[in-house]
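Colleague: Provided herewith is a single structure, encoded as structure tokens, for subsequent inquiry.
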Amino acid sequence: MDEFDYVIVGGGVAGCVVVNRLTEDPNVKVALLEFGTAGNNKRQIVRMPLGMVTFMMPNLAFLGGTKMMYLFEAEPSRGLGNTRMILPRGKALGGSSMVNGMIYIRGQKQDYDDWRDLGNPGWGYDDLLPYFKKSENFVLAENPDATRNFTLGGKPVRDQIDMRYHGRGGPVSVSPPRSPNSMCQTYFDAAVQAGYKLNADFNGEDQEGIGYHWLTQKDGERWGAESSYAGPAKSRPNLKIITEARALGIVMEGKRAVGVSYDVYGETKQIRARREVVLATGAFISPQLLMLSGIGSPRELKAQGIEVRHELVGVGRNLQDHIDTWTKQRALTNKTYGISWGTMHTNAMHVLKWFSSRRGMFTSNTGEAGGFVKSGPDVDRPDLQLFFCTTMASAQASDSFWGHGWAMHACLLRPKSIGHVGLKSASAYDAPLIAPNFFDNPYDMEILVRGMKIMRKIADQKAFDGHRGEEVAPGRHVQSDDDIAAYVRQNCMTMYHPTSTCKMGTDPMAVVSPATLLVHGLENLAIVDASVMPAVISGNTFAPTVAVAEKAADLIKARAKAGSPSLAA
């Protein structure tokens, strides 16, 4: 039986970070188990940012993107009229960073200070900022002239960045859109006309405003966790990566985690951990693996005939995710991305630009612009995230890319509806039960109705007059709050940011210790992924997950150096 100092379960974003940092010490042996495959960062469909639009389209499965996806199905949500929603996650080394929109957002300072004030000392904004900077290679810090001609509000973007908030030389390459669509400028002009300010850096002093998204790209290519963290570690002799390995459960000796049981190519094996087992399988799978191992709510475990090894009632509870809705507008011009007879030549030229210089449309995530706004005067900080997408098509809905137009999205940043993750069976081969409970709290719908009105307000400004065609969705006949709410229930999606199902804290529902990220009451078992966040942050979750994992790696190293037992504080 193989034995290592650390066994990391899950090669997603957090797992890649921890593996990289722990193997920096050549005297430490680390094994990584990942259910997906490795090496996807070398594939054109992944390297090409626009390739992401194919990953959830069944008719484009031959391109290979769908092989990198879990497509979990949620339980019916009463707030969605008892319909089910598909919940995609990345299934590959690099996790969801291999299939996401590459938007780099840290969240708001108050998000982390709220974590701290919920009973998690050491997790405030000032505590995590050094880890954001440590992990980042900000293009302007590396090369101040890289965005010489890149402007916002008529001023160079580089002159609007406070470099105190950014890092240089870290693994994560953070860059502006390489060839932004010209309609982004129209969107900015309209936003200003609607009364919103511009913001060149959502990760600086203040998140509020409208501007370009900064992206996890390098030289026009996707730069996910496989490229940034796992890749540099692969050649280290003290790391063993086992792919296409399905974790079945944690091997326990009493209250101590000593290894992991897993299936690889139909054969069940065990791998031992001398120091710690680290779960990094995300907000859906980490609680499932705990429960399959007899760790969780006795009621949940007994319902599936699982022996209770350790009672922790908070396992799987507190699920939080962002919910999003949209408008779609047909364009009178063909400046937005789409397929039409008049743009065949232009699109062919974009293909050549991609292969020759990594520029043009294929470097786009289609959501290059957006921002953060307050839904109303009764709100003290932004509670809506806006996206301006330079195409009407939606990969999630498998829409056609024929024709020209744009979509605007509004995402609820701090939902009050709370869900949970449970078990459908006692088998790791079955997906977990996922109940997001979207719109269970009416507050969430109220804010998204406000978001719909804000999107329309921006679209109605003079800047769009020469471009604005028919509002395809929801259609101008949808005006009352009740009608808008009915539309939203039928036209919404998760933004793929599930968190908080194994939250850190010291209250009765907490699963891991904030001082160590070790599971309460157990030895040698840590959790390092978005499931430990006490609450979802105000923005995309890639950057926060990296920061959590960077800090976690330091905590693990400190325990080893001090010879401290791997017990939750």
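The values are calculated or read from the model by the stated rules, or taken from the named source; none is laboratory data. Fair warning: this is a prediction, and the values are worked out from it, not measured in the lab. Neighbour counts are summed over all protein chains in view; Cβ atoms, including those assigned to glycine, are modelled from backbone coordinates with ideal geometry.
Colleague: Looking only at residues that are touching a residue at least 40 places away in the same chain (Cβ under 8 Å) and touching a Gly at 6+ places or on another chain (Cβ under 7 Å) in the stretch 286-300, which one is farthest from Val17 (Cα to Cα)?
Modeller: Step by step, filter the stretch 286-300, then rank; the result is Glu300.
Colleague: Go through the stretch 46-68 residue by residue and tally those that are surrounded by 15 or more Cβ atoms within 10 Å (Cβ to Cβ) and over 19 Å from Phe401 (Cβ atoms).
Modeller: Adding up the residues that qualify gives 3.
Colleague: Just name the residue that is nearest to Pro442 (Cα to Cα) out of those in the stretch 475-490 that are surrounded by 14 or more Cβ atoms within 10 Å (Cβ to Cβ) and within 27 Å of the chain's Cα centre (by Cα).
Modeller: Result: Ala485.
Colleague: Does Pro130 fit the bill of being over 23 Å from Cys502 (Cβ atoms) and either in a loop (DSSP other than H, G, I, E, B) or free of Cβ contacts under 8 Å to residues at least 24 places away in the same chain (or both)?
Modeller: yes
Colleague: Restricting attention to the stretch 81-94, which residues are surrounded by fewer than 16 Cβ atoms within 10 Å (Cβ to Cβ) and part of a loop (DSSP other than H, G, I, E, B)?
Modeller: Correct list: Gly81, Asn82, Arg84.
Colleague: Within the stretch 168-189, track down each residue that is crowded, with 20+ Cβ neighbours inside 10 Å and farther than 21 Å from Arg148 by Cβ.
Modeller: If the condition is that a residue be crowded, with 20+ Cβ neighbours inside 10 Å and farther than 21 Å from Arg148 by Cβ, then Gly170, Pro171, Val172, Met183, Thr186, Tyr187 are the ones that fit.
Colleague: Among the residues of the stretch 517-525, is there at least one that is in contact (Cβ under 8 Å) with a residue 40 or more places away in the chain, buried (at least 24 other Cβ atoms within 10 Å of the Cβ), among the polar types (S, T, N, Q) and not in a loop (DSSP other than H, G, I, E, B)?
Modeller: No - not one qualifying residue is present in the stretch 517-525.
Colleague: Could you look through the stretch 442-463, keep only residues that are over 30 Å from Asp189 (Cβ atoms) and more than 23 Å from the chain's Cα centre (by Cα), and pick out the one that is surrounded by the most Cβ atoms within 10 Å (Cβ to Cβ)?
Modeller: So the residue we want is Tyr443.
Colleague: Given the criterion over 22 Å from Leu412 (Cβ atoms) and surrounded by fewer than 18 Cβ atoms within 10 Å (Cβ to Cβ), identify the matching residue among Thr346, Thr363.
Modeller: Going through Thr346, Thr363 in turn, the sole match is Thr346.
Colleague: Only one residue in Arg21, Arg43 is within 26 Å of Ser135 (Cβ to Cβ), over 19 Å from the mean Cα position of the chain (by Cα) and either β-branched (Val, Ile, Thr) or buried (at least 20 other Cβ atoms within 10 Å of the Cβ) (or both). Which one?
Modeller: Criteria check complete, one pass: Arg21.
Colleague: Considering only residues that are surrounded by 24 or more Cβ atoms within 10 Å (Cβ to Cβ), on the phi < 0 side of the Ramachandran plot and not in a loop (DSSP other than H, G, I, E, B), which ones fall in the stretch 95-115?
Modeller: Ser96, Ser97, Met98, Asp111, Tyr112, Trp115 - these are the residues of the stretch 95-115 that are surrounded by 24 or more Cβ atoms within 10 Å (Cβ to Cβ), on the phi < 0 side of the Ramachandran plot and not in a loop (DSSP other than H, G, I, E, B).
Colleague: Another question about this same structure. Taking only the stretch 215-246 into account, find how many residues are assigned to a loop (DSSP other than H, G, I, E, B), crowded, with 20+ Cβ neighbours inside 10 Å and not hydrophobic (A, V, I, L, M, F, W, C).
Modeller: 3
Colleague: I want to confirm something. Restricting to the stretch 260-301 and keeping residues that are crowded, with 24+ Cβ neighbours inside 10 Å and among the small types (Gly, Ala, Ser), which single residue is farthest from His497 (Cα to Cα)?
Modeller: Ala273
Colleague: Can you list the helices (runs of 4 or more DSSP H) lying wholly within the stretch 262-365 that have 1 or more residues being out of contact with any Ser or Thr (no Cβ under 6 Å at 6 or more places or on another chain) and within 29 Å of Ala530 (Cβ to Cβ)?
Modeller: Of the helices (runs of 4 or more DSSP H) lying wholly inside the stretch 262-365, those with at least 1 residues that are out of contact with any Ser or Thr (no Cβ under 6 Å at 6 or more places or on another chain) and within 29 Å of Ala530 (Cβ to Cβ) span 282-292, 298-303.
Colleague: Tally time: how many residues in the stretch 27-80 are of a type in the set (Val, Ile, Thr) and assigned to a strand (DSSP E or B)?
Modeller: 2
Colleague: Residue check: is Ile434 within 30 Å of Thr281 (Cα to Cα) and either crowded, with 23+ Cβ neighbours inside 10 Å or at pLDDT below 95 (or both)?
Modeller: So Ile434 fits the description; yes.
Colleague: Residue check, Asp383 against (1) over 24 Å from Val536 (Cβ atoms); (2) touching a Lys or Arg at 6+ places or on another chain (Cβ under 7 Å); (3) at pLDDT 85 or above, all met but one. Which one?
Modeller: Just one mismatch for Asp383, condition (1).
Colleague: Out of (1) over 30 Å from Asn82 (Cβ atoms); (2) of a type in the set (S, T, N, Q); (3) surrounded by 18 or more Cβ atoms within 10 Å (Cβ to Cβ); (4) touching a Gly at 6+ places or on another chain (Cβ under 9 Å), the odd one out for Ser538 is which?
Modeller: (1)
Colleague: May I pose another question? Give just the number: which of (1) surrounded by 21 or more Cβ atoms within 10 Å (Cβ to Cβ); (2) out of contact with any Ser or Thr (no Cβ under 7 Å at 6 or more places or on another chain) does Asp162 not satisfy?
Modeller: With respect to (1) surrounded by 21 or more Cβ atoms within 10 Å (Cβ to Cβ); (2) out of contact with any Ser or Thr (no Cβ under 7 Å at 6 or more places or on another chain), Asp162 is out only on (1).
Colleague: Among Gly195, Gly122, which is the only one that is at pLDDT 95 or above, more than 24 Å from the chain's Cα centre (by Cα) and on the phi > 0 side of the Ramachandran plot?
Modeller: The unique qualifying residue is Gly195.
Colleague: Could I ask something else about it? Pairs only if they're at least six apart or on different chains, beta carbon under 7 angstrom, first in the stretch 550-566 and farther than 19 Å from Val258 by Cβ, second surrounded by 15 or more Cβ atoms within 10 Å (Cβ to Cβ) and hydroxyl-bearing (Ser, Thr, Tyr); list them, first residue then second.
Modeller: Listed by first residue and then by second, the contacts come to Glu550/Tyr131; Glu550/Ser135; Lys551/Tyr131; Leu555/Thr516.
Colleague: Assess whether Val449 counts as being aliphatic (A, V, I, L, M), in contact with a Phe, Trp or Tyr (Cβ under 7 Å, 6 or more places away or on another chain) and free of Cβ contacts under 8 Å to residues at least 60 places away in the same chain.
Modeller: In short, no.
Colleague: Mind checking which residues of the stretch 357-381 are of a type in the set (Phe, Trp, Tyr) and out of contact with any helix residue (DSSP H, G or I) (no Cβ under 9 Å at 6 or more places or on another chain)?
Modeller: Within the stretch 357-381, just Phe372 meets the criteria.
Colleague: Within the stretch 474-504, work out how many residues are among the charged types (D, E, K, R) and not in a loop (DSSP other than H, G, I, E, B).
Modeller: Number satisfying all stated conditions: 4.
Colleague: Okay, moving on. What's the number of the condition Thr325 fails, among (1) farther than 23 Å from Lys503 by Cα; (2) touching a Leu at 6+ places or on another chain (Cβ under 7 Å); (3) free of Cβ contacts under 8 Å to residues at least 40 places away in the same chain?
Modeller: Unmet for Thr325, out of (1) farther than 23 Å from Lys503 by Cα; (2) touching a Leu at 6+ places or on another chain (Cβ under 7 Å); (3) free of Cβ contacts under 8 Å to residues at least 40 places away in the same chain: (3).
Colleague: Evaluate the following for Lys551: is it among the charged types (D, E, K, R), at pLDDT below 95 and surrounded by fewer than 24 Cβ atoms within 10 Å (Cβ to Cβ)?
Modeller: Considered against the rule, which asks whether it is among the charged types (D, E, K, R), at pLDDT below 95 and surrounded by fewer than 24 Cβ atoms within 10 Å (Cβ to Cβ), Lys551 comes out as no.
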